[in-house]
Amino acid sequence: MSSHQATIEWHRHGDVFTDNRYSRRHAMTFDGGAVWAGSSSPQVVAEPMSDASAVDPEESFVASLSSCHMLWFLDIARRAGWLVNSYRDAAVGVMARNAQGHLAMTLVTLHPEVEFGGDKQPDVVELQRLHHQAHADCFIANSVKTEVRCVPVLTSTS
């Protein structure tokens, strides 16, 4: 078992608050010391109460799934003897009503694009196997109800 921490801190800074026109901007401090600016999504709470330049919970959720998948993929590919030169994922999350009628992140689609190095290149079947195993092992994907799809982009180094 391991423990992971994040500290979320918000201050009113003189806003009236009771009129619902207060800033949603806050600080997210992680156990390793990284600090991110956080806010509600402008798609949920209009600007200027939201800060579009900050990370919103929906974005960080999508990023967590994408990052976890990538880290597992890299490890599985390494153990299988593949040389990975780069990995990029333009992941997309969809917020919609779930079966209970609540707004939820109902679908996250990963679009990983992996560039392999060396003379040996994986075929589509091997690439799918690597991504399937990464999804099965991903701690975050195993922790959520959201459907997570992986649609890898096959690239060539030539």
- Note on the structure: Amide H neighbours of Asp89 at under 5 Å, excluding residues fewer than 5 places away on the same chain, with H built from the backbone geometry, are Glu113
- Once both label points are put 7 Å beyond Cα along the C-beta direction, the Val16-Ser53 separation in nm becomes 2.6
- How high is the FRET efficiency from Val153 to Phe30, r the C-beta distance, R0 30 Å, rounded to 0.05? 0.50
- Message: Out of all Cα-Cα pairs in the stretch 57-154, roughly what percent, to the nearest whole number, are more than 15 Å apart?
- Response: 59
- Note on the structure: In Å³ per residue, the alpha-carbon convex hull of the stretch 1-55 encloses 101
- Item | Potential lengthening between Ala63 and Val44 on full extension [0.36 nm per residue; Cα-Cα distance subtracted] | 5.0 nm
- What number comes out for the charge environment of Leu74, summing +1 per Lys or Arg and -1 per Asp or Glu over other residues with Cβ under 13 Å away? -1
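No lab work stands behind these numbers, since they all come straight from the coordinates. Since the structure is predicted, the reported quantities are computational estimates derived from the model, not experimental observations. Reconstructed Cβ throughout: ideal geometry from the backbone, glycine too, with neighbour counts over all protein chains shown.
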